[in-house]
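Chemist: Sharing a structure with you now.
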Amino acid sequence: MKFKLSAPLLLTAIVSGLLSACSNTSEQSVVGDTAVDASNTNVVVTETYWVAPERVACQGVVPMQCLVVNQEIDGETNGWQLFYNDISGFEFELGYFYKLFVETSEVANPAADSSSLSYKLISEVDKTPRHYADNTMLTENRKWNLKQLVGLGKVNPLMLDKPANITIADDRFSGFSGCNNMFGQVQHLFEDAQLQNTLLKLGPIGSTLMACSDQNSNAVEQKLQQALGVVNAIQVQWPFLNMYQNDELMIQFVAEDWD
């Protein structure tokens, strides 16, 4: 992934947009999505950005909180990146994904510690707390059984009497972690065919409190709940549901109804 989301983000739609052209026939000449202002020769372009639902601590001239954005160029997204500038007219609200059309222009004679580009919001195309693909397989009637889990060693999760499983739909997840039922909130989920464009953040895991006498079941439960707390990317490759921490595959589930 081009931008590795930190564990505190746990930060996971089909990103689509249209690059628009800025035009002003009286003062500008336009080529594609680029306009040249005849009055001051500044290059102006219209760009499409997805904005992630949390800011990230970053280091500019001084420590700051950066937006995390995914820019679309020629219909293709580039992966999540830190964005060190402000977008004039854009009011960021924590917890929401945004899709924006942004006007980018060159700054004449910028200060030494300032950016040579300025950004201005044209329109807010989309704002949503999570973004599932239109044809998502993450539905309330689909159960995903645990197939692989990092850190289990020789323990095979497929050999448990009752398989650990998860169901993810809307703003909730639920399932069975090996000994106990589990449940919680989906705080952020951005689903896309390309792994680097996805985000996932699950809220604290609630659980029943049954004693776990089977050693293997206990090991699966502890590792599964731990891994669900740190995953920050998600991808469905039918019949598998994969969860990652950055580029590392942490958990793989298989759809119970795939065959």
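Chemist: Tell me, what ³J(HN,Hα) does each residue in segment 182-192 have, in order and in whole Hz, if you take phi through Karplus 6.51 cos²θ - 1.76 cosθ + 1.60 with θ = phi - 60° and put x for Gly and Pro?
Modeler: Whole-Hz 3J(HN,Hα) from phi for segment 182-192: 10, 6, x, 9, 8, 7, 9, 8, 10, 9, 7.
Chemist: Within a 10 angstrom radius of the beta carbon, how do THR208, THR77 rank from fewest other beta carbons to most?
Modeler: THR208, THR77
Chemist: Taking other Cβ within 10 Å of each residue's Cβ, how do ASP192, ASP161 sort, fewest first?
Modeler: Details: ASP192 22, ASP161 7.
Exposure proxy ranking, most exposed first: ASP161, ASP192.
Chemist: Here is a follow-up. Evaluate the distance, in nm, between pseudo-label points positioned 7 Å from the Cα of GLN59 and of ASP171 along their respective Cα→Cβ axes.
Modeler: Simple spin-label model gives 3.8 nm for this pair.
Chemist: Tabulate in residue order the Karplus-calculated ³J(HN,Hα) for segment 235-244, using 6.51 cos²θ - 1.76 cosθ + 1.60 with θ = phi - 60°, rounded to whole Hz; enter x for Gly and Pro.
Modeler: 8, 9, 10, 3, x, 9, 10, 10, 10, 10
Chemist: Here is a further query. Ranked by Cβ crowding within 10 angstrom, fewest neighbours first, how are LYS162, LYS120 ordered?
Modeler: LYS162, LYS120
Chemist: Which order do the peptides 180-191, 83-94, 143-154 take when ranked by the mean count of other beta-carbon atoms within 10 Å per residue, highest first?
Modeler: The peptides rank, most packed first, as 180-191, 143-154, 83-94.
A short reminder: the numbers here are calculations on the coordinates, not readings from a lab. Bear in mind the structure is a predicted one, so any value in this text is a computation, not a measurement. Every residue, glycine as well, gets a Cβ built from its backbone with ideal geometry; the counts of neighbours run over all protein chains shown.
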